[in-house]
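The values are calculated or read from the model by the stated rules, or taken from the named source; none is laboratory data. Bear in mind the structure is a predicted one, so any value in this text is a computation, not a measurement. Counting neighbours? That spans all protein chains shown, and the Cβs are built from the backbone with ideal geometry, glycine included.
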Amino acid sequence: MNRMCQRCGNAIEPGEEKERGGQVLCEDCFLEVLTPPKACDPWAVHLAKSEKDKVSFKLTSTQQQLYELVREKGEISFPEAAKALELTEEEVRREFATLRHLELLRAKKSHQEILITLF
């Protein structure tokens, strides 16, 4: 009988479940828990900038959509961006981390909210 991932709710094939922090997780959620996106990573910024300078760098369609959304709005919260792009907030954070490393987007705190804005 299939178990359910306690994070995303998807069915997990027998023997494929992973346990972390007392939760039964699918492989995707397990990997997300183990490797959350890190927006402030100086080494990743250095590598991204050096690669960007060497070759013509191409964003994924999701990254391009997020960048265009922020450019259009000026600033937007992670939940608003997730809703506008029909993604989870975690997916937006993962795409944001890459764009932050490329120094295209940054985050700032406004009152009690974190907003995404252009770099």
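Tabulated results
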read-out: Strands (runs of 3 or more DSSP E) wholly inside the stretch 13-83 containing at least 2 residues that are modelled with pLDDT of 85 or more and under 21 Å from GLU113 (Cα atoms); value: 75-77
read-out: Count of residues meeting criterion [of a type in the set (D, E, K, R) and at positive phi] in the stretch 88-111; value: 1
read-out: Residue count, the stretch 86-119 (criterion: out of contact with any helix residue (DSSP H, G or I) (no Cβ under 7 Å at 6 or more places or on another chain), surrounded by fewer than 16 Cβ atoms within 10 Å (Cβ to Cβ) and assigned to a strand (DSSP E or B)); value: 4
read-out: Matching residues, the stretch 59-113, being within 20 Å of CYS29 (Cα to Cα) and among the polar types (S, T, N, Q); value: THR62, THR88, THR98
read-out: GLN6 being surrounded by 16 or more Cβ atoms within 10 Å (Cβ to Cβ), modelled with pLDDT of 85 or more and under 15 Å from GLU95 (Cβ atoms); value: no
